[in-house]
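Each remark here refers to the structure printed beneath this line.
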């Protein structure tokens, strides 16, 4: 089911917005005016990724600099320094669509 | 984690750094792919994509000078050679990197 989470004007290109829907913590990212949604908590130690940096399609965690591809949720690199005790997995990614300037995210 | 995806991410970041410095990725695509792959392996081990052709020492300040792209730390040499040590980056005007010479890391003689 797609649920509205934000208006397109709320997130400039290169920007992010944190939203909560039920127990889901999500960050909406604007990459070249295409919107993507991924899980908001870093898969390494749970830091809020919306406090990190979005550079193109790459989202960097503010805590240990793990990086993720917002288009797929894929983990691109682990923390710095490497932390074998806490492996960094992929983020959950959500389908997104825009209708009448409203961003909708599919919550299953 | 996927090596190819990480290589693309490094390519994305590095291009943004080297372009304003007057450099580009080498036209030798085989060398570029190999070097990036080695950097991904170094990053997995140390957390930092060090230059794959330089020795990692015990000195952090020295190691920071070989974090790729290391162009700002070795600008004089690289501008003289029109390439970086490992050949991953070349001057924007270079079309045939095989013709470029390498100089040793010692200070360059002036004149």
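The values are calculated or read from the model by the stated rules, or taken from the named source; none is laboratory data. Computed from a predicted model, the values in this text were never measured in an experiment. Ideal geometry is used to build each Cβ from the backbone, glycine not excepted, and the neighbour counts take in all protein chains shown.
Considering (1) out of contact with any strand residue (DSSP E or B) (no Cβ under 9 Å at 6 or more places or on another chain); (2) free of Cβ contacts under 8 Å to residues at least 40 places away in the same chain; (3) within 19 Å of residue A:76 (Cα to Cα), the lone condition that residue A:47 does not fulfil carries the number (1). Could you check how many residues of region B:14-41 are within 12 Å of chain A (Cβ to nearest Cβ) and crowded, with 17+ Cβ neighbours inside 10 Å? Number satisfying all stated conditions: 2. Does region A:47-69 include one or more residues that are away from chain B (no Cβ under 14 Å), farther than 22 Å from residue B:2 by Cβ and assigned to a strand (DSSP E or B)? Within region A:47-69, one or more residues are away from chain B (no Cβ under 14 Å), farther than 22 Å from residue B:2 by Cβ and assigned to a strand (DSSP E or B). Just so you know, in region A:61-91 the residues that are closer than 16 Å to residue A:16 by Cβ and surrounded by fewer than 18 Cβ atoms within 10 Å (Cβ to Cβ) include one that is nearest to the chain's Cα centre (by Cα), and it is A:71. Only a single item in (1) part of a loop (DSSP other than H, G, I, E, B); (2) touching a helix residue (DSSP H, G or I) at 6+ places or on another chain (Cβ under 7 Å); (3) surrounded by fewer than 16 Cβ atoms within 10 Å (Cβ to Cβ) is not met by residue B:73, and it is number (1).
Find the residue count for region A:70-86, including only residues that are farther than 27 Å from residue A:28 by Cα and more than 10 Å from every other protein chain (Cβ to nearest Cβ). Going through region A:70-86 one residue at a time, the tally reaches 2. Here residue B:40 meets the list (1) modelled with pLDDT of 95 or more; (2) under 11 Å from the mean Cα position of the chain (by Cα) almost entirely, failing just condition (2).
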